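What follows is a short report on a single structure.
The values are calculated or read from the model by the stated rules, or taken from the named source; none is laboratory data. Keep in mind it's a predicted model, so treat the numbers as computed, not measured. Every residue, glycine as well, gets a Cβ built from its backbone with ideal geometry; the counts of neighbours run over all protein chains shown.
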Amino acid sequence: MNSLAQFGVVGLGVMGKSLALNLAEKGINISVFNRHLSGSEENIAVNFVKEQSTKGCILGFDDLKAFVASLEKPRKILLMIQAGSAVDQQLDQLVPLLDKGDIVIDGGNSFYKDTNKRTKQLNESGIHFIGAGISGGEEGARKGPSIMPGGDKDAYEKIADYLNLIAAKDKSDKPCISYIGPEGSGHFVKMVHNGIEYAEMQILAEVYFLMRSYLKYTPDKIADTFTEWQNDGLSSYLLEITIDILRKTEDGELILDKILDKAKQKGTGGWSTTAAMDIGVPFSTISEAVMARALSSMKEIRIKASTVYNTESKDKLPADNFIQSLRNTYQAARIINHDTGFNLLSEASHQFNWNLELGEIARVWTNGCIIRSELMEKISQILKSEKSILLASPFVTVLNNTAKDFSTVVSSGLMNGIPLPVLSSALNYFLGVKTANSGANLIQAQRDYFGAHTYERIDALNKQFHTIWKS
């Protein structure tokens, strides 16, 4: 056996440990490093190695120089540390110990522009840098995540065999990993994945809340309903875990009811919203999901407002009819949400010259990641030949058939005082997309009136006009 490790992992948080074990159990000899901080992070790597029994060999270090020396060349090092300045600080310590041709992989949720910058900086030193989005949480990292690597393609080829071993497998037994593109494209794709995830979670929260507040369903009945949906064409990982959450009790009481309704976030949803604004594409469902979390944190104001504002309930639809309409609404909103995310990927690919393969990205997301679902499997097939999810005939049929129910559910919920930020934004997005002639011409006239910004005419396209509006 080679005395040098084949692969290195820096950072032994939950994800780092899980990925290290995944590698080791595939027979890869690895070295792991975790910083030593007296009183808080002591002997993390050494203790981790002592606690594990795997097929491969694991060496543990809290000395960075010794860790680097333990790796065969070209060194292949996966960083699993908190995004932001911590990555730069680690690179400042690590790069001087490396040789030209070594490969550093950032597997955290780094901002894609930071990855662009780091790629350029390390390449100037002869070090290859790979920004790899990794999704799946603790379980995915341990058993098989979805991996989205971007950066130098030649460097990716040198690490592909290792990453293929640990990735999840799709239904054809192909690893859920694919080279995404240059620069920070891998982290951009992961950012959009997380944005879609934000909205998927919020859609489920709104559907759950409609069932509980509008239909007065018990948690068990909601779980039963979600189970029917899970077994009837709407299956997804997020729906699966929601069913488990709705059935989990503590001392006979639902744990969910003990959780404070202040949703936190780590930033990737907001990043994706900012990117959409910079690139210039509509991002309604995902941006509203981010804002819904922000609003949920205003707990004190919400409590006070609930005492001074009254909600007048309107007539309710029969539960049996409404639940079918709600199922159709859930299906439609998810299609629209995914269309929103993939539209951003498409436009980013065009503006940044990344040549992203949307169908392949969808395939990578069919297993291992948080947004894996039956819908994603359909999208992965459709995007092999289609450019738009919303214009693909199978989804056109679904949205035409569910449009009336969609409007009914959203209007009923709003009239009964139930906030539906993502469901209503999805409906508005859908209505806007299928409106051939809109009121935006008035906006163009207003802009020209106060700012002489000019406008195009329908009888003379691609020419700019200005009007003196006030006689």
Report task. Count, please, the residues in the range 421-461 that happen to be outside any loop (DSSP other than H, G, I, E, B), loosely packed, with under 13 Cβ neighbours inside 10 Å and β-branched (Val, Ile, Thr). Result -> 1
Query raised in the report: Which one is modelled with the lowest pLDDT, of the residues in the range 49-86 that are assigned to a loop (DSSP other than H, G, I, E, B), within 26 Å of residue 111 (Cβ to Cβ) and of a type in the set (A, V, I, L, M, F, W, C)?
Result: 83
Query raised in the report: Which residues, taken from the range 78-115, are among the polar types (S, T, N, Q) and touching a Ser or Thr at 6+ places or on another chain (Cβ under 6 Å)?
Result: 109
Report summary line: Of the residues in the range 63-100, those that are among the small types (Gly, Ala, Ser) and touching a helix residue (DSSP H, G or I) at 6+ places or on another chain (Cβ under 9 Å) come to 69, 83, 84
Report summary line: Residue set 75, 35; condition over 30 Å from residue 192 (Cβ atoms), surrounded by 22 or more Cβ atoms within 10 Å (Cβ to Cβ) and either out of contact with any Ser or Thr (no Cβ under 7 Å at 6 or more places or on another chain) or without any contact (Cβ under 8 Å) to a residue 40 or more places away in the chain (or both); output residue 75
**Report entry** Scope the range 205-231; condition in contact with a Leu (Cβ under 7 Å, 6 or more places away or on another chain) and more than 24 Å from residue 315 (Cα to Cα); matching residues
**Finding:** 223, 226, 229, 230
Query raised in the report: Quick check, is residue 166 surrounded by 17 or more Cβ atoms within 10 Å (Cβ to Cβ), within 21 Å of residue 336 (Cβ to Cβ) and in contact (Cβ under 8 Å) with a residue 40 or more places away in the chain?
Result: no
Query raised in the report: Within the range 226-237, is even one residue more than 30 Å from residue 147 (Cα to Cα) and not polar (S, T, N, Q)?
Result: yes
Report task. Evaluate the following for residue 104: is it in a helix (DSSP H, G or I), aliphatic (A, V, I, L, M) and either within 27 Å of residue 269 (Cα to Cα) or at pLDDT 95 or above (or both)? Result -> no
Report task. Would you check if there is a residue in the range 386-402 being in contact (Cβ under 8 Å) with a residue 40 or more places away in the chain, closer than 17 Å to residue 326 by Cα, out of contact with any Lys or Arg (no Cβ under 6 Å at 6 or more places or on another chain) and of a type in the set (A, V, I, L, M, F, W, C)? Result -> yes
Query raised in the report: Restricting the first residue to the range 246-266 and requiring it to be assigned by TED's automatic domain parsing to the domain that holds residue 206, which pairs with a second residue that is charged (D, E, K, R) meet a Cβ separation below 6 Å and a spacing of at least six or different chains?
Result: 255/248; 262/299; 263/293; 265/293
Query raised in the report: Scanning for something among the basic types (Lys, Arg), surrounded by 22 or more Cβ atoms within 10 Å (Cβ to Cβ) and either assigned by TED's automatic domain parsing to the domain that holds residue 107 or under 21 Å from residue 135 (Cα atoms) (or both), does the range 9-32 turn up at least one residue?
Result: yes
**Report entry** Single condition residue 407 does not satisfy, out of (1) touching a residue at least 40 places away in the same chain (Cβ under 8 Å); (2) closer than 26 Å to residue 296 by Cβ
**Finding:** (1)
